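Colleague: So that we are looking at the same thing, I have put the structure below in structure tokens.
Bear in mind that the values in this text are calculations on the coordinates, not laboratory data. Nothing here was measured: the structure is a model prediction, and the numbers come from that model. Cβ: placed from backbone, ideal geometry, glycine included. Neighbour counts: every protein chain shown.
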Amino acid sequence: MSQRPAVPRRTFKPGLAARLVIVLSIAMLPLGLISVYQTYKVLEERRFLSKTALLEQTQQAVSDSREVIRSALSTAESLAVIVKAFPPDGGACSAVMDEIVLDSPEFVFAGYVEETRGLVCSSTGASIATPIPETARSDLLRREAEVLTRPLEFLGGVTTVSVTVPVEENGRFLGTMWVAVPIAALNSALSEAAPDVDLALFQQEGEILATEDFTDNRRLMLPTERSLRDLATQGRQTFRDTNREGLVRDFAVAPIVEDRVFVLGSWQPRIRGVALPGLHGAFALYFPLAMWAIAIGVAYVGIHRLVIRHVRRLRTWMRLYAAGRINLDNARLDNAPEELEVVAEAFRAMTHRLSEQDSRREEDLQEKTVLLREVHHRVKNNLQLISSIMNMQIRSTDSTEAKHLLRRVQDRVMALSAIHRYLYLARKLSTLRADKLLEEIIQQLVVVGTLDEIGHQIEVSTELDPVEISPDQSVPLSLLATEAGMNAVKYCGPPEGEAPWINIALKRLDDNRLCLSVVNSRGPGDETDEAESGTYGSGLGSRLIQSFVTQLNGTLEVQKLPERFELHVIFPLAWHKEEDEEAPVDGP
């Protein structure tokens, strides 16, 4: 009897997860308990001190602004009581308003607005004849006291903080008493009050009344997660949040005028300025650091022994395989955990399968490449045969117009032939160098068009960036360049005192787009209209150019200037590679 081969017994090895849990738990547990507790206590104390100091400085910094707004509110309330006794003509009322503004340097305007008659009297002398914009009427005729930001047309558009108080008689609403304080004075007071605190005054509906920098960027100091309207409803508070500039700040909110006006202050959290008391602070600072260093050392030794050295070995294998080394069947790890041994075995099996697949794919690709090159070669030969037949037909015909039309068709056929010739000789078939392709097409075009009808020599210049395009884009681009080039040769005229010229350019733009430009000179007195020129209008050349531009997903721009004719086509590349591309391969 044949004996069955003995199966080697597998020795038990703790898994990687179990080893890491044991090592890291022993190393990090003391540090975790002590450090978390001490850090939590210290940070709580520092945050509390920072927020408390911020709230106190914020309330002190706006004391002057608070008194100004309160004074305006009390003045408006007093005028709301006495204005009902003034005659309806408004003369005495305006005199009182003017005296109020003269006696109070912080006020810039005072006035009375009725619901029916509008502005009745004011300190500026404006009366019923002075219209109030419709956008301001709804704010000025509210049934309750308000504090708003409002530009005054009567003072040349000066922006003010306006205090409005309703005027009522026997429960009936009559109008609004209006007192305005220049916002520039409040902004200046805020900027000088506390240099290290960002301050802003706002009202209960969330409108900013004044800030240190009252510009379009004034809302950058506000918290990102909370609105001013919500802060107004929550009253006095302190919190930590990120402002709209992305900076972590401590914020404090406090009401300053009868729950109608609030102040928001913020500063950078004051942590560095808080000192730890005595030995307790030293213990909280240095002992966790020492424990952290010891734990990191133990953890590093354990992780290096169990994981890192094996992962580095695997990484070395991967680099060798990526560099072209195929045979990794004998690669082994040294006493690695079971999980990593499984990974290594899977990697060896994967490389073996990939090597076999790469070999088969390389053979298939080589065969397909040869067949595809042969197809391009045969198509190129067929197109050249068609061109030769057309050339024979051109020589045999007597009609000048027929010869011209056949030459145009022959140029289009040769443009297609140039594409297949390029693909047949190119190293890569997936992309084409657009500049090399256009150079060949342009050379074919200008051979027959270097002299215009009156014998002038045409100077042809090119500016072609080295750009790779897909084969799908090469056909419409080549035919587009052919049509535009033939039109440029045909309608190129000599400028006064100069030789006629043509400039053909292909430029790569910054946003991954290409621009094909064909510009030719025009002679004085050239009155060829748009339709006759063939570059746009109803002619065949125009329709072909429009069709090719559509196939490229591009846009066409034509400019007809006295001294030159310009055609610009901007179109996107068919693909965009985010990774580094290989250097373009020169064509034939």
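Colleague: Once amide H atoms are placed 1.01 Å from N in the peptide plane, what residues at a sequence separation of 5 or more from residue 464, or on another chain, have their amide H within under 5 Å of its amide H?
Modeller: Under 5 Å from the amide H of residue 464 lie the amide H atoms of 506, each far enough along the sequence or on another chain.
Colleague: Starting from the Cα-Cα distance between residue 403 and residue 63, subtract it from 0.36 nm times their residue separation and give me the gain in nm to one decimal.
Modeller: Full extension from residue 403 to residue 63 adds 113.0 nm.
Colleague: What whole number of Å gives the distance from the Cα centroid of the range 48-122 to the Cα centroid of the range 363-404?
Modeller: Between the Cα centres of the range 363-404 and the range 48-122 lies a distance of 91 Å.
Colleague: Out of the range 459-518, which GluC sites (Glu not before Pro) are coil in DSSP terms and have no more than 11 other C-beta atoms within 10 Å?
Modeller: Sparse-neighbourhood loop GluC sites (Glu not before Pro): 496.
Colleague: As a footprinting exposure proxy, order 501, 178 by other Cβ within 10 Å, with the fewest listed first.
Modeller: Placing the least packed residue first, the sequence is 501, 178.
Colleague: What nm distance separates the two modelled labels at residue 184 and residue 439, each placed 7 Å from Cα along Cα→Cβ?
Modeller: Result for the modelled spin labels: 6.6 nm.
Colleague: When the chain is fully extended, how far beyond the present Cα-Cα distance does residue 496 get from residue 360, taking 0.36 nm per residue of separation?
Modeller: Extending this stretch completely gives an extra 42.3 nm.
Colleague: Going through the range 310-356, which trypsin sites (Lys or Arg not before Pro) have at most 15 other Cβ atoms within 10 Å and a DSSP loop state?
Modeller: Answer by residue number: 325, 332.
Colleague: Right, next: With labels modelled as points extended 7 Å from the Cα through the Cβ direction, what inter-label distance (nm, one decimal) is found for residue 213 paired with residue 71?
Modeller: My value for the distance between the label points is 2.9 nm.
Colleague: Sticking with this structure for a sec: Return the long-range amide H neighbours of residue 149 (sequence gap of 5 or more, or a different chain), with a cut-off of under 5 Å between placed amide H atoms.
Modeller: For residue 149, the qualifying residues are 162.
Colleague: Sticking with this structure for a sec: Pop out the ³J(HN,Hα) list for the range 556-568 in order, Karplus 6.51 cos²θ - 1.76 cosθ + 1.60 with θ = phi - 60°, rounded to Hz; leave Gly and Pro as x.
Modeller: Result, ordered by residue: 10, 10, 10, 10, 10, 9, x, 9, 7, 10, 10, 10, 10 Hz.
Colleague: Pulled fully out, how much extra length does the chain show between residue 390 and residue 551, if you take 0.36 nm times their separation in residues and subtract their Cα-Cα distance?
Modeller: Contour length minus the Cα-Cα distance gives 55.2 nm.
Colleague: With the cut-off at 1.5 for a/c, could you classify the range 318-410 from its C-alpha gyration tensor as rounded, prolate or oblate?
Modeller: Verdict is prolate for the range 318-410.
Colleague: Please list, in chain and number order, the residues 5+ apart from residue 121 or on another chain whose amide H is under 5 Å from its amide H, with Hs placed from the backbone.
Modeller: 112
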